[in-house]
Amino acid sequence: MNIITTKNYEELSKKAAELVAQQLQQKPNSVLGLATGSTPLGLYSQLIKLHQSGQLFFKDVVTFNLDEYFGLSGSDEHSYHHYMFANLFNQLDIASANIFIPDGLIPLTEIKRYCFDYEQSIIDHRGIDLQFLGIGNNGHLGFNEPGSSFNSVTRLVDLSANTITANARFFSDQNLVPRQAITMGLATIMKARKIVLLASGIAKAEAVRQAVVGEVTELVPASILQQHRDVTLILDPDAASALK
Ligand code: PGA
């Protein structure tokens with residue numbers, strides 16, 4: 001694992017944006033795996049800046065998002081679909097046909113087929129070149145909660161109580177946090193050619209430590225990253241503080 005500890009969140013975001021710029025320079029039609037949550041917001045602002053100043057273009061880029069709340073429509077302000085358009089896509093030159101985000105309103109009877117097709121669509125695009133990840137304070141990746149199989153692929157999952165509490169900050173009432181989500185699996189994530197995990201803040205320090213130097217166990221989903229050949233962690237000093 002390549003570990004970069006930055007001075008602060010702004011530098012973390014700039015470093016992450018540099019990796020995107022390098023990737024798109026090498027391959028303008030790269031397939032990017034994207035994450036939501038608070039952590040990548042700085043990265044997304046940097047990408048918008050680079051695009052608006054004529055330094056970075058997304059015309060041929062394809063994106064696959066990690067996950068979406070089940071039961072929320074893409075127009076719901078809490079959906080990850082809405083988040084991605086508001087915080088990134090609306091400000092870029094990306095083609096809407098190249099954007100893939102799981103649909104939270106797929107009927108239960110069609111979920112299996114839908115998740116299979118999402119997985120297949122990644123394969124049809126020749127796989128993810130560069131996958132961005134956050135990490136939950138319980139070590140989750142996407143919505144692969146502790147106990148998720150390392151062989152898991154895209155599927156419908158239940159959110160852990162820990163995640164529901166952590167994500168309640170985005171909702172007016174904890175009871176409004178969806179209880180289920182569609183998420184890429186750990187095996188899906190591990191197939192990406194390069195992985196970049198971003199973590200900021202003291203609440204992530206222990207999860208980062210377990211992911212990097214802890215036992216590789218399904219109880220800490222992010223620990224699987226120790227088995228990937230090309231993983232970079234970009235951390236701020238607080239998130240890195242338990243690694244010493
Ligand atoms: P955060 O979420 O970036 O909002 O901290 C990360 C995660 O839960 O995976």
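The values are calculated or read from the model by the stated rules, or taken from the named source; none is laboratory data. Keep in mind the model is a prediction, meaning the values are calculated, not measured. Every residue, glycine among them, receives a Cβ derived from its backbone with ideal geometry; neighbour counts consider all protein chains shown.
Listing for the model above:
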read-out	value
Elements of type helices (runs of 4 or more DSSP H) in the range 131-244, at least 1 residues being under 30 Å from T109 (Cα atoms)	161-167, 186-190
Close pairs (6 angstrom Cβ cut-off, 6 or more residues apart or separate chains): more than 13 Å from F64 (Cβ to Cβ) in the range 30-43, near the ligand (Cβ under 8 Å from one of its atoms) and in a helix (DSSP H, G or I) anywhere	none
Only one of R126, R113, R169 that is within 25 Å of V208 (Cα to Cα) and either touching a residue at least 60 places away in the same chain (Cβ under 8 Å) or not small (G, A, S) (or both)	R169
Some residue of the range 203-214 being within 12 Å of the ligand (Cβ to nearest atom), at pLDDT 95 or above and over 17 Å from the mean Cα position of the chain (by Cα)	yes
Residue among I106, I122, I111, I128 that is β-branched (V, I, T), within 22 Å of L159 (Cα to Cα) and touching a helix residue (DSSP H, G or I) at 6+ places or on another chain (Cβ under 8 Å)	I106
Residue tally, condition touching a strand residue (DSSP E or B) at 6+ places or on another chain (Cβ under 8 Å), more than 24 Å from V231 (Cβ to Cβ) and within 16 Å of the ligand (Cβ to nearest atom), over the range 155-176	2
Candidate set: the range 189-216, residues that are closer than 17 Å to S149 by Cβ and touching a Phe, Trp or Tyr at 6+ places or on another chain (Cβ under 9 Å); chosen: the one surrounded by the most Cβ atoms within 10 Å (Cβ to Cβ)	M190
Qualifying residue in the range 77-92 (condition: farther than 25 Å from K112 by Cα and in contact with a strand residue (DSSP E or B) (Cβ under 7 Å, 6 or more places away or on another chain))	yes
